[in-house]
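Q: My questions will all concern the structure given below.
The values are calculated or read from the model by the stated rules, or taken from the named source; none is laboratory data. As the structure is a prediction and not an experimental result, all values here were calculated from the model. Neighbour counts run over all protein chains shown; Cβ positions are idealised from the backbone, glycine included.
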Amino acid sequence: MFRFIHRQNIRWLLLLGLAELLLLSASLNAAMFLRYFRQPDEWALYARHMPERALMFALVIQLGLMALGQYRSHIRNSWFGLLTHQLVGFVLGGLGLFVMYYLVPQGYVGRGVMGIALLLGYVGTCAFRAAYLHVRDVEVLRRRVLVLGAGQRAAQIHTGMRRRSDRQGFRVVGYMPAPGETTAVPAEYLLQGNLPIHVWATQEQIDEIVVAVDDRRGTLPMAELLECRQLGIAITDLTTFFERESGRVQLLLTNPSWLIFSQGFDVTPLRRFSKRCFDLGVAGLVLLLTFPLMLLTALAIRIESGPGQPILYRQQRVGERGRVFDLIKFRSMRTDAEMDGIARWASLNDDRVTRVGRFIRKVRLDELPQLWNVLKGEMSFIGPRPERPQFVAELARKIEYYGLRHSMKPGLAGWAQLRYPYGASEADAVEKLKYDLYYVKNHNLLFDMMILIQTVEVVVFARGAR
């Protein structure tokens with residue numbers, strides 16, 4: 001997961017996680033003191049094993065925050081959005097604590113203590129996160145990046161990463177045109193290369209040079225770049241830089257050689273085994289937890305549609321290596337939705353969707369029967385979403401590298417679903433492919449766990465549902 005996240009970003013995330021772990025642990029200790037400082041007998045009873053109790057409290061709350069995306073390397077919410085996500089994360093964490101106290105009764109601290117601790121923890125983490133985001137945004141702590149090139153490729157950084165949230169952790173000092181290159185970057189961002197690059201980079205305290213020239217043949221100052229490398233300055237290809245900072249593969253910058261020689265595409269037997277174990281374990285657990293909801297959903301569909309109408313819906317989808325399988329979902333549309341046999345994208349406020357279907361699509365209950373596809377091995381729990389054969393044939397003809405998303409099993413949840421809303425057009429398919437390729441290249445067990453946890457945010461806020 002962390003292959004393309006810059007080490008400085010990892011350090012910031014570790015700092016945030018560790019600081020909030022200590023802060024949440026301190027919140028439980030403070031709550032215990034406020035609740036029982038006048039009752040020494042109760043204090044002695046509940047104060048036993050406080051380090052373990054405080055650690056469990058902090059980790060469960062952090063798991064709730066992680067489920068709401070509060071430990072992503074790029075957070076683009078407004079302040080109101082951050083506070084809302086933080087609040088919902090604490091609610092989820094509180095529910096998780098009730099489950100943990102049921103499983104581990106020795107960790108129980110009392111409802112009063114837990115309520116005070118949650119309040120102190122929420123106020124404390126919100127205040128700390130505000131200070132953290134302010135400090136992280138200070139210019140002196142951001143990586144200084146020099147872009148070598150000022151043509152069409154280099155302009156992708158200027159146009160594709162315009163927002164400050166897209167540039168968290170780094171600052172583009174400027175663009176240095178290559179000899180004979182037609183500039184596509186505004187003149188105020190251009191730098192004059194009067195000095196050798198390694199001398200200029202040293203004077204300006206450059207941390208990283210991104211190579212983004214339009215044509216590398218005979219234009220790259222290899223000796224000067226080698227000098228920079230020896231001085232400890234990172235040299236990064238534009239495609240790799242974009243992938244690392246944005247969490248997606250920029251198709252306009254990608255070529256076959258980069259895909260061949262870049263890291264990733266882990267298909268070792270160990271990785272396949274770990275992914276299959278992950279799929280079986282998570283699918284079995286989710287099936288156990290949601291089985292009552294599935295029964296209620298089936299009953300609601302039967303009541304609305306009447307006897308004789310199907311409850312489940314089977315639809316052909318394209319899986320690993322292009323193999324077609326029957327995907328199973330709860331029926332959310334009318335039975336005559338595609339009577340003419342023509343496959344259509346679902347649209348916003350689609351009139352083919354039933355009343356029950358509109359609700360179950362919103363909260364993703366219609367997806368639950370796909371757990372059977374996961375258990376059968378036709379799908380993985382995490383991966384690119386499977387598409388219909390008609391759409392795949394058309395998209396593969398129009399979109400380069402589209403077939404790469406079928407190099408692994410499709411998933412019930414995925415990286416593209418977290419980072420991009422519901423796809424219902426060819427343009428959406430292009431954007432989702434950027435995230436799908438990022439996942440295909442960089443998937444591992446830790447990445448799968450992170451996506452699984454953050455999928456809770458998609459369900460809670462009904463993002464992207466139609």
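Q: As an exercise: evaluate Thr354 against (1) surrounded by fewer than 17 Cβ atoms within 10 Å (Cβ to Cβ); (2) more than 21 Å from Thr455 (Cα to Cα); (3) in contact with an Asp or Glu (Cβ under 9 Å, 6 or more places away or on another chain) and give the number of the one condition it does not meet.
A: Every listed condition holds for Thr354 apart from (1).
Q: Give the number of residues within region 77-106 that are at pLDDT below 85 and either loosely packed, with under 13 Cβ neighbours inside 10 Å or not assigned by TED's automatic domain parsing to the domain that holds Ala58 (or both).
A: Counting residues in region 77-106 that are at pLDDT below 85 and either loosely packed, with under 13 Cβ neighbours inside 10 Å or not assigned by TED's automatic domain parsing to the domain that holds Ala58 (or both) gives 5.
Q: Name the residues in region 235-265 that are touching a residue at least 24 places away in the same chain (Cβ under 8 Å), of a type in the set (A, V, I, L, M) and more than 23 Å from Thr159 (Cα to Cα), would you?
A: Leu259
Q: Identify the single condition in (1) in the same structural domain as Lys275 (by TED's automatic domain parsing); (2) at pLDDT below 90; (3) among the small types (Gly, Ala, Ser) that Ala416 does not satisfy, given that it satisfies every other one.
A: Result: Ala416 passes all but (2).
Q: If Glu42 meets every condition in (1) within 23 Å of Gly112 (Cβ to Cβ); (2) at pLDDT 90 or above apart from one, which number is that one?
A: (2)
Q: Just the residues that are crowded, with 20+ Cβ neighbours inside 10 Å and in a strand (DSSP E or B), please, taken from region 141-169.
A: Val145, Leu146, Val147, Leu148
Q: Residues that are aliphatic (A, V, I, L, M) and touching a residue at least 60 places away in the same chain (Cβ under 8 Å): which helices (runs of 4 or more DSSP H) entirely in region 349-466 hold 3 or more of them?
A: Correct list: 370-376, 426-442, 445-460.
Q: Does Ala187 satisfy being over 22 Å from Arg229 (Cα atoms) and either buried (at least 18 other Cβ atoms within 10 Å of the Cβ) or in contact (Cβ under 8 Å) with a residue 24 or more places away in the chain (or both)?
A: Judged against the criteria, Ala187 is not a match.
Q: Looking at region 219-282, what helices (runs of 4 or more DSSP H) fall wholly within it and have at least 1 residues that are in contact with a Lys or Arg (Cβ under 9 Å, 6 or more places away or on another chain) and of a type outside the set (S, T, N, Q)?
A: Answer list for region 219-282: 238-246, 256-261.
Q: Which residues, counting only those in region 127-149, are within 23 Å of Glu204 (Cα to Cα), without any contact (Cβ under 8 Å) to a residue 60 or more places away in the chain and of a type outside the set (Asp, Glu)?
A: Answer for region 127-149, where residues must be within 23 Å of Glu204 (Cα to Cα), without any contact (Cβ under 8 Å) to a residue 60 or more places away in the chain and of a type outside the set (Asp, Glu): Val135, Val138, Val140, Leu141, Arg142.
Q: Tally the residues that are out of contact with any strand residue (DSSP E or B) (no Cβ under 9 Å at 6 or more places or on another chain) and either among the aliphatic types (A, V, I, L, M) or over 19 Å from Asp215 (Cβ atoms) (or both), restricting the search to region 146-166.
A: Of the residues in region 146-166, 7 are out of contact with any strand residue (DSSP E or B) (no Cβ under 9 Å at 6 or more places or on another chain) and either among the aliphatic types (A, V, I, L, M) or over 19 Å from Asp215 (Cβ atoms) (or both).
Per-residue answers, yes or no, for (1) in contact (Cβ under 8 Å) with a residue 60 or more places away in the chain; (2) under 18 Å from the mean Cα position of the chain (by Cα); (3) part of a helix (DSSP H, G or I):
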site	(1), (2), (3)
Gly69	yes, yes, no
Arg72	yes, yes, no
Val99	no, no, yes
Gln106	no, no, yes
Met114	yes, no, yes
Gly124	yes, no, yes
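Q: In addition: Step by step: first the residues of region 290-329, then only those that are assigned to a helix (DSSP H, G or I) and under 24 Å from the mean Cα position of the chain (by Cα), then the one that is surrounded by the most Cβ atoms within 10 Å (Cβ to Cβ). Which residue is that?
A: Step by step, filter region 290-329, then rank; the result is Glu320.
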